[in-house]
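One structure is given here, and the rest of the page talks about it.
Taken together, the values in this text are just the output of simple stated rules run on the coordinates, not laboratory data. For clarity, every value in this text was computed on a predicted model and none was experimentally measured. A quick note on method: Cβ atoms are made from the backbone with ideal geometry, for glycine too, and the neighbour counts reach across all protein chains shown.
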Amino acid sequence: MKNELKFSVLIVLIQSVFFFNSCKKDEQTPIDTAIKDGDGNTYSSVTIGTQVWLTENLKSTKYLNGDIIGTSTPVDLNLNGESTPKYQWAYEGNESNAVTYGRLYTWYAATDSRKVCPAGWHVPSDTEWTVLTTFLGGEAIAGGKLKEDGTAHWTTPNTGATNESGFKALPSGSRSGFGTFDGLGLYTDFWSITEKNPITVIVRGIGSTSSEITGVFPFNKYDGLPVRCLKD
C-alpha cells in the first residue's frame, strides 16, 4: 500500500513538472526561422485580429535582394541636401541599440522596390495601422496594449502598458534629417507607406506617458524611424 502511494505521488509530481514546463514554453514566442530579412536575421510573429505582425522592429542592413542599405558618414550627417536619401542607422551609431530596438530607416529606404521586409511581409499603410488600432479598442488605449510592459526599456511611468497584444513595441526613438537622434526610451514612431504630401508621411506614435497610439504630425521622408513589418 505504501509503495502504491509513493508511486502515485511520484506520478503526480512528474505530471506537475511537465505541465509547468509546457506552460512556460507556451508563454514564449518562438522564433520562426522561415521569416528572414536580407541579413538573415530571423523574427517571430504574432496574430492580432485579422493581421499578423512581426514582434520586433526590422534590423536589416540589406534589402531583400542582398543590396546594402547604406548608413551615413558621419552618423549625424545632415541630409537636407539629398533628394531621396536611402539610409539606415543604429541609434547614435551604437550597434547594440540596433540589436534591441531595431534600425532607423529613411522612408525612401523603407519603401524602396528592393524591399526591406522579409519575403511575404511589407511596410504597412496608414489604413492597415488603423485596422490594428481599431481591433485593440481605438487610439486612446491601443498604445498601451502594444507597448512592452515594465520599465526595462521604457522610461517611467510607461502609462497603460500591458503588451496584451504581443506586439512588444519598444521606445526606439528617431533620427531627424538634420542628423540628431532623440527619444530612445521615451517614444517610438512607426513608418507607414502613406504619404501626406510629397515631403511628409503619416506615421503612428506611442510614448511612455500615455496609453495612446496617435497619428502624429507627419514626419519628413528623410527622417529615420523604425519599420514594423506586416504579413502580406
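List of remarks:
- MRE, 222 nm, helices only [DSSP H, n ≥ 4, -39500 (n - 2.57), over the chain, to nearest 500]: -7000 deg cm²/dmol
- Label assignment, mean projected area of the Cα convex hull in nm² derived from the structure, set (i) 14.2; (ii) 15.6; (iii) 13.1: (ii)
- Its Cα centre serving as origin, the stretch 32-231 has a Cβ charge dipole (Lys and Arg +1, Asp and Glu -1) of approximately 320 debye.
- Extension gain for ASP232-ARG114 works out to 40.9 nm (0.36 nm per residue, less the C-alpha to C-alpha distance).
- Positive-end residue, the chain charge dipole about Cα centroid, Cβ charges, pick of ILE199, GLY40, LEU64: GLY40
- The angle between the Cα long axis of helix 2-27 and the main principal axis of the chain comes to about 10°, on a 0 to 90 degree scale.
- Theoretical gain in end-to-end length, THR209 to THR130 [0.36 nm per residue, Cα-Cα removed]: 26.3 nm
- Relative contact order (percent, whole number), the chain, Cα cutoff 8 Å, 6+ residue spacing: 21
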